[in-house]
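Here's the structure we're looking at; comments come further down.
Nothing in this text is a laboratory measurement; each read-out follows from the coordinates by a stated rule. Since this is a predicted model, take the numbers as computed values, not measurements. As a convention, Cβ positions derive from the backbone with ideal geometry for all residues, glycine included, and neighbour counts pool all protein chains shown.
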Amino acid sequence: MKASPYVALALLGTGLVAQNNPFVVFPQDPERQAVTSASYVRRPDWNRQAEGFQEVSTDWFRGVGNLGGAALAFGFYHWAGDLDALTAESYDIILRTADAQGQPDTSPAGVIVEVTNLSLPTDPAGGNAGWIVTDTFATPAILPTDATWFQGLRLPANPAWPSGTPADGHSIWSADTLSIGTPATVGENARLNAPPVTWAVTANGSFLQTEWTYIMGTLVQHPTMHIGGIDPSSSRTGSGIVGDPSYGMAGLFPDISGAPRSDGLDLRIQDNVMPNGIGVFFGAAGWWNGPATQILPFTGDIQVDLTTLVPIGFALPVNGAATLPIVTPGSLSPALMGSEFMFQGMMFDPATGGGALSNAQVTSL
Amino acid sequence: MSSDGAALRAAGALVALMAVAGLAAWSLGVFAAAAPPPDGTSAHEQTVRNKAQDGSVPAAKADLRPSHEVAPSAASSDSAPATLLLPDGSEVPTLNGATGAKPLADVWPKQRPWSPIVGVERSTLGVDWYVHADGTRTTTQMRWRADLGRDDALTRIAEVAPDQPAVPRSK
């Protein structure tokens, strides 16, 4: 993990910005949309103790938490299910680095930040409850700026989940991939051979790659940017709109095989810090692997290749989220399969001329 | 190409884009006021309304007072603030002995209208929570942070979400 003098500067600056943004990989925006794409609530390893992680791979994402030279985690966000709200459920927040094999590093040295023995509230009404939980740290944690890491929760074993008498236990809203083959009609919509992006670390330390995404993510203070995959034949978001963009795995791994899908793409930037800025997008043919590069006066580092960087366009946000269609469905040739394109955004403040760069994301065709 | 040259090229491209964006914004005149939600109602708000309507979440102060009400637990005698600034400008004591917690005014969800505190509940695990009129729970807690080498405060919010079915056993 890269610790630098910028960390101190970034920490000093944390009092200046109040609102945070959750970095969530999921088909919809849980802060601004009615969530209709959640297949189920899930636990990482059924009703056994386990850690469930979203992988923040440098192959897929760059600059998550980056505020310019340093990256910081301000807390954690997740959508919880509790099958018996009369009893409180405990959980831990856990962020880990990757080991040499690219798996979550379960050694003590692999812990980025761990906050144990948190719990959900109870509700005298009892029954099956859902909670949107935002846990904000008084002091942010330092994230890797140049390495893969994992964001997640540790849930204790609960034999009463999901069918005890009474049923009980903490779970997380999730979206199943197509390849898992559950009866779910809504969820992720990446191509069938897309790699899993979430993990479970079981109680005995073994690893499972899991075929779903969660509504959970680290709180960051930069705008978050995601790529949406547009499959005109799909209703997997459950929104009632066929072809509704899907911003989780479908943007990372769209299907342009032409057999039969030929997905389109759009870009989405979200920001609670500057919800009325202008969303600006740019793309490149690779990642920027040179020294950390800022474009003053904008906060954050450029993450995409400067030598091939191309401005894409801008969009006006509604309630803090702006989207920009960039590829019409049916227009990407199957000959592009295997190609990768990187995108990054910025929320530009027309009042001050300042702004903040987002994370960057790949679309892997 | 050197990184300096590349950076200059990127800066030039972005400045040009900014200029275009700025001109468009000026001509449209759309940045004077905050953009409202599409239908004026956030998904969260609708969720809570739905829950209140089906009776699963107390919707009024009177519903929250019975046996779960407890006095807020005292904060520790640290020099850090043991009060919590609310979005309406008022302050309440932090809960569960927390000091130095981020103000609720700073972290209350931007998409959710402020909802006043109407009671305090103690969970079955002994954690005190403020209960808000819309069913949201908030609290503060101290927790050990090995990365800091000390305890650190959390400001915690639990908004009411819809119920969701658990996954079938077979998968």
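Just name the residue that is surrounded by the most Cβ atoms within 10 Å (Cβ to Cβ) out of those in the stretch B:103-133 that are small (Gly, Ala, Ser) and at the interface with chain A (Cβ under 9 Å from one of its Cβ atoms).
B:SER123
Looking only at the stretch A:20-73, which residues are of a type in the set (Gly, Ala, Ser) and crowded, with 24+ Cβ neighbours inside 10 Å?
Those that are of a type in the set (Gly, Ala, Ser) and crowded, with 24+ Cβ neighbours inside 10 Å: A:SER37, A:ALA38, A:SER39, A:ALA50, A:GLY52, A:GLY63, A:GLY65, A:ALA70, A:ALA71, A:ALA73.
Can you name the residue in the stretch A:103-135 that is under 18 Å from the mean Cα position of the chain (by Cα) and more than 10 Å from chain B (Cβ to nearest Cβ) and, of all such residues, is surrounded by the most Cβ atoms within 10 Å (Cβ to Cβ)?
Applying the filter and picking the extreme gives A:PRO104.
Can you name every residue in the stretch B:83-96 that is touching a strand residue (DSSP E or B) at 6+ places or on another chain (Cβ under 7 Å) and either within 11 Å of chain A (Cβ to nearest Cβ) or buried (at least 20 other Cβ atoms within 10 Å of the Cβ) (or both)?
Applying the first criterion (touching a strand residue (DSSP E or B) at 6+ places or on another chain (Cβ under 7 Å)) to the stretch B:83-96 yields B:83-86, B:91-96.
Correct list: B:LEU84, B:LEU85, B:THR94, B:LEU95, B:ASN96.
Being buried (at least 20 other Cβ atoms within 10 Å of the Cβ) and at positive phi is the filter here; which residues of the stretch B:134-150 pass it?
B:GLY135
Take B:ASP163 and tell me if it is at the interface with chain A (Cβ under 7 Å from one of its Cβ atoms), farther than 27 Å from A:LEU95 by Cβ and over 11 Å from the mean Cα position of the chain (by Cα).
Spelling it out, B:ASP163 is indeed at the interface with chain A (Cβ under 7 Å from one of its Cβ atoms), farther than 27 Å from A:LEU95 by Cβ and over 11 Å from the mean Cα position of the chain (by Cα).
Mind counting the residues in the stretch A:317-354 that are surrounded by fewer than 17 Cβ atoms within 10 Å (Cβ to Cβ) and not acidic (Asp, Glu)?
Adding up the residues that qualify gives 16.
If you go through the stretch B:110-160 one residue at a time, how many are assigned to a loop (DSSP other than H, G, I, E, B) and more than 26 Å from A:GLN33 (Cα to Cα)?
The number of residues fulfilling the criteria is 9.
Would you mind stating whether A:THR145 is closer than 28 Å to A:ASN289 by Cα and outside any strand (DSSP E or B)?
yes
Within the stretch A:136-167, track down each residue that is of a type in the set (A, V, I, L, M), farther than 27 Å from B:ALA101 by Cβ and at the interface with another protein chain (Cβ under 10 Å from one of its Cβ atoms).
Narrowing the stretch A:136-167 to residues of a type in the set (A, V, I, L, M): A:138, A:141-143, A:147, A:153, A:155, A:157, A:160, A:167.
Remaining after also requiring farther than 27 Å from B:ALA101 by Cβ: A:147, A:157, A:160, A:167.
Within the stretch A:136-167, just A:ALA167 meets the criteria.
Residue under question is A:ALA184, and the condition is that it be in contact with a strand residue (DSSP E or B) (Cβ under 9 Å, 6 or more places away or on another chain) and in a strand (DSSP E or B); does it hold?
On the way: in contact with a strand residue (DSSP E or B) (Cβ under 9 Å, 6 or more places away or on another chain): yes; in a strand (DSSP E or B): no.
It is false that A:ALA184 is in contact with a strand residue (DSSP E or B) (Cβ under 9 Å, 6 or more places away or on another chain) and in a strand (DSSP E or B).
Being buried (at least 20 other Cβ atoms within 10 Å of the Cβ), at the interface with chain B (Cβ under 10 Å from one of its Cβ atoms) and either aromatic (Phe, Trp, Tyr) or free of Cβ contacts under 8 Å to residues at least 12 places away in the same chain (or both) is true for just one of A:TRP173, A:TRP199. Which residue is that?
Every option except A:TRP173 fails the conditions.
Of all residues in the stretch A:275-293, which are surrounded by fewer than 24 Cβ atoms within 10 Å (Cβ to Cβ) and either more than 10 Å from every other protein chain (Cβ to nearest Cβ) or part of a loop (DSSP other than H, G, I, E, B) (or both)?
If the condition is that a residue be surrounded by fewer than 24 Cβ atoms within 10 Å (Cβ to Cβ) and either more than 10 Å from every other protein chain (Cβ to nearest Cβ) or part of a loop (DSSP other than H, G, I, E, B) (or both), then A:PRO275, A:ASN276, A:GLY283, A:ALA285, A:GLY286, A:TRP287, A:ASN289, A:GLY290, A:PRO291, A:ALA292, A:THR293 are the ones that fit.
Test of understanding: among A:SER246, A:SER239, which residue is closer than 14 Å to A:GLN28 by Cβ and buried (at least 21 other Cβ atoms within 10 Å of the Cβ)?
Result of the check over A:SER246, A:SER239: A:SER246.
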